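To start, the structure under review is shown below, and the notes come after it.
The values are calculated or read from the model by the stated rules, or taken from the named source; none is laboratory data. The structure presented is a predicted model; accordingly, all values stated were derived computationally and were not measured. Virtual Cβ from ideal backbone geometry, glycine too; neighbours counted across all protein chains shown. Remember, those area values only see protein heavy atoms, side chains included, never the ligands or the DNA or RNA. Shrake-Rupley method; radii C 1.70, N 1.55, O 1.52, S 1.80 Å.
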Amino acid sequence: MEPLRVLELYSGIGGMHQALRESCIPAQVVAAIDVNTVANEVYAYNFPHTQLLAKTIEGITLEEFDKLSFNMILMSPPCQPFTRIGLQGDVTDPRTNSLLHILDILPRLQKLPKYILLENVKGFEVSSTRDLLIQTIENCGFQYQEFLLSPTSLGIPNSRLRYFLIAKLQSEPLPFQAPGQVLKEFPKLESEHPEKNTIVAENKIERKKIEPNICFDNGRQCSGKEAILFKLETIEEIDRKHQQDSDLSVQMLKDFLEDDIDTNQYFLPPKSLLRYALLLDIVKPTCRRSTCFTKGYGSYIEGTGSVLQTSEDVQIENVYKSLTNLSQEEKITKLSMLKLRYFTPKEIANLLGFPPDFGLLRTFYTKMVMLFKIICNHDPNNFTIFVLICEFIPF
Ligand SMILES: C[S@@+](CC[C@H](N)C(=O)[O-])C[C@H]1O[C@@H](n2cnc3c(N)ncnc32)[C@H](O)[C@@H]1O
């Protein structure tokens, strides 16, 4: 098979390029395009031989696109216009203009690409922009399938539900195509290329090491029934967390943690401990879950991602139950016993599927929060993209 000529739009720090590389599919990224200078630095460091265009996509003309002569598009357009907690400006949000530009250019290209893979947030599937996208690719003759997938379905202990669309220029439907449905699971394919299946399977198994351990708490297996409400959590939430921690098909967090780190710089400051104690999503290294890390991680607490309890032998329930009637200082002392810390940027990168040697340019940034911002803001979801690419493209 001739190497695919891939155009990577909204390339960020290169999550899609990384996933493509790991898929072992013969491919060359002919150009990557992004306006963010910090992300571009990280991209250029990790993919020094790729042509990186630091431009706005809407500034690129039809002729320039034609010259790149690509046969695959990978893209993760900005998700802010579609997030459920945002304003949901959809087509009217100026951040959608670049995608509308691509949809305008696509039918007019001298040669249509053979494959398109698009990633966005949950919420995109019900947007008018999605309808325009579907209309455009259908008119161009693509077959397509939409998905809502989280890395947890690949055994990765991080919830990050995302929308994916894969489209192929051909007349017959894709083998796993389910018209009118957004699939919530990966397609199971009988490949005509068994050697490719072997590679995919090996990679999946390596990432999804199944371990016979269950999260034990003081000798007793976690169970929702015995849960004590000591934080601002509902019984349902606690039940869900216990179920996640007992799902042996998901790896433990400890497999993604760094060994030798200076933990001091990651401990939660006493002020945050006191103020947000009841809102924290606390996980232990033996847990099989973590919440989605967002760009505010390290600066804000609420809803930005889980924190890690490093003193595993301390009973969290006991700490929380004893807080009532304590002075502020005593509360801080109690809470500090849990030794709660942030995940490091590298650990988050591990959970997102970046290999150990992926450069985050640590030395460039004096503030840890900037690193969090780079890795979380750009929202790469490598494991999922990797499997979609592997299952979708014949080679
Ligand atoms: C969701 S992130 C992409 C994440 C990427 N897949 C990665 O692995 O980092 C969206 C990216 O689109 C870029 N972007 C947004 N609007 C753009 C535009 N009009 N032209 C070019 N890049 C744009 C942002 O700088 C950001 O890096």
Inset, instruction - With θ set to phi - 60°, apply the Karplus curve 6.51 cos²θ - 1.76 cosθ + 1.60 along the range 100-107 and write out the HN-Hα couplings as whole Hz, x wherever there is a Gly or Pro. - result: 5, 4, 4, 5, 6, 6, 3, x
Inset, instruction - Enumerate the amide H contacts of Leu52 below 5 Å, restricted to partners 5 or more residues apart or on another chain; note that Pro and chain-start residues carry no placed amide H. - result: Ala32
Legend entry - Charge sum, other residues only, whose C-beta stays under 13 Å from Leu103's C-beta, Lys/Arg counted +1 and Asp/Glu -1: -2
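Can you give the relative contact order of the range 16-70 as a percent, counting alpha carbon pairs under 8 Å and 6+ residues apart?
On the way: 40 pairs, mean separation 19.4, N = 55.
Relative contact order, the range 16-70: 35 percent.
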Inset, instruction - Specify whether the C-alpha gyration tensor of the range 43-193 places it in the rounded, prolate or oblate class, a ≥ b ≥ c being the square roots of the eigenvalues: rounded for a/c under 1.5, otherwise prolate if a/b is larger than b/c and oblate if not. - result: rounded
Inset, instruction - Treating the Cα atoms of the range 278-365 as identical point scatterers in vacuum, please give the log10 of the normalised Debye intensity I(q)/I(0) at q = 0.17, 0.19, 0.21 Å⁻¹, two decimals. - result: -0.81, -0.95, -1.09
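Once you have the Kirkwood Rh of the range 109-159 from its Cα pairs, apply Stokes-Einstein at 10 °C and 1.306 mPa s and quote D in µm²/s. All intermediate terms of the calculation are to be shown ahead of the outcome.
Numbers: Rh = 13.0 Å.
Value of D from the Cα-based Kirkwood radius: 122 µm²/s.
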Inset, instruction - Give me the accessible area per residue for the range 5-71, probe 1.4 Å, as a whole number in Å². - result: 41 Å²
Inset, instruction - Run the quick spin-label model on Ile85 and Ala54: label points 7 Å from Cα toward the beta carbon, then report their separation in nm to one decimal. - result: 3.1 nm
Legend entry - Ranked packing of 108-115, 20-27, most packed first, by mean Cβ within 10 Å: 20-27, 108-115
Inset, instruction - Averaging sequence separations of C-alpha pairs under 8 Å and six or more residues apart, then dividing by the length of the range 37-142, give the relative contact order as a whole percent. - result: 30 percent
Legend entry - Per-residue HN-Hα couplings for the range 307-323 [Karplus 6.51, -1.76, 1.60; θ = phi - 60°; Hz; x = Gly/Pro]: 10, 9, 8, 9, 8, 5, 7, 7, 7, 4, 4, 4, 4, 5, 5, 8, 6
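Can you give the relative contact order of the range 3-46 as a percent, counting alpha carbon pairs under 8 Å and 6+ residues apart?
51 percent.
Taking 0.36 nm per residue of sequence separation and subtracting the Cα-Cα distance, how much length would be gained by fully extending the chain between Glu185 and Ser246, in nm to one decimal?
Working: separation 61, 0.36 × 61 = 21.96 nm, distance 2.01 nm.
Between Glu185 and Ser246, full extension yields an extra 20.0 nm.
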Legend entry - Quarter of the Cα convex hull surface for the range 1-77, i.e. its orientation-mean projected area (nm²): 4.9 nm²
Legend entry - Of all accessible heavy-atom area on the range 14-96, the percent that carbon and sulfur account for (1.4 Å): 55 percent
Inset, instruction - State which entries of Lys254/Lys295; Lys284/Lys334; Lys122/Lys331; Lys114/Lys295; Lys55/Lys111 exceed 28 angstrom in Cα-Cα distance in the structure shown. - result: Lys122/Lys331; Lys114/Lys295
Inset, instruction - Based on the mean of other Cβ atoms within 10 Å per residue, sort peptides 61-72, 36-47 so the most packed one is first. - result: 36-47, 61-72
Inset, instruction - Using the Karplus curve 6.51 cos²θ - 1.76 cosθ + 1.60 with θ = phi - 60°, work out ³J(HN,Hα) for each residue of the range 161-177 in order, rounded to whole Hz, and write x for Gly and Pro. - result: 5, 9, 8, 9, 10, 10, 9, 9, 7, 6, 8, 7, x, 5, x, 9, 5
